[in-house]
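Report on the structure given below.
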C-alpha cells in the first residue's frame, strides 16, 4: 500500500471515528481535549461539530494554520507528560471526548510513546466518555470499541470509560 493510501485511510478513519465520538457524547457535560494540534485540522473539525463545547488543545508549540488555531485561553502549552497530570488536577476525571494524534512516522516510537502517555490520559476521561486515537493505546480501565463503519481497521482506535 502506498504512503498516500495509508494517509488517506488515516484521515478517513479519523473523521469517521471523531464523528462517531461526537455523536456518542452529545449532551454530555465536560471538556473536550485535543492532544496534539499539528496543522489544526482535527481541532477545526471538532470545533465545527461541537460549537457548544469547550475544546482544549494540548501542544508543545502552536504552529497550526491561522484558520484552525485555538484561542490562547483554550491552549495548554508544554510537554504532555507534564500538562496531562496538571490537567487532571485542574479538571479531574471530567473529559467527555479526548482525541490524540501524537505519533509520527516511526511506528515503534509511536507505540513506546502510547505506552508512556496512556496512564496519563486514562484518568482524565469521565464515565461514558470516549477516547479516539490514531495509535493503539494501553489502558487498564477504558474499553476498546469496534471502529464505526467506514473506518479502516487499524488506522484509528476508540475507547470508552464504562464505569
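Numerical summary
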{"quantity": "Considering residues of region 47-67 that are in a helix (DSSP H, G or I) and more than 16 Å from the chain's Cα centre (by Cα) only, the residue farthest from residue 26 (Cα to Cα)", "calculated": "66"}
{"quantity": "Count of region 86-111 residues which are surrounded by 12 or more Cβ atoms within 10 Å (Cβ to Cβ) and outside any helix (DSSP H, G or I)", "calculated": "12"}
{"quantity": "Region 1-26, residues that are farther than 21 Å from residue 43 by Cβ and part of a loop (DSSP other than H, G, I, E, B)", "calculated": "1, 2"}
{"quantity": "Matching residues in region 68-83 - criterion: being out of contact with any strand residue (DSSP E or B) (no Cβ under 7 Å at 6 or more places or on another chain) and in a helix (DSSP H, G or I)", "calculated": "68, 72, 73, 81, 82"}
{"quantity": "Pairs where the first residue, in region 127-138, is on the phi > 0 side of the Ramachandran plot and the second is not in a strand (DSSP E or B), C-beta under 8 Å, 6+ apart", "calculated": "128/25; 128/28; 128/161; 128/162"}
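Every read-out reported here was derived from the displayed coordinates using simple, explicitly stated rules and does not represent laboratory data. Please read these numbers as outputs of a predicted model, since none were measured by experiment. For neighbour counting, all protein chains shown are included, and Cβ atoms are generated from backbone atoms with ideal geometry for every residue, glycine included.
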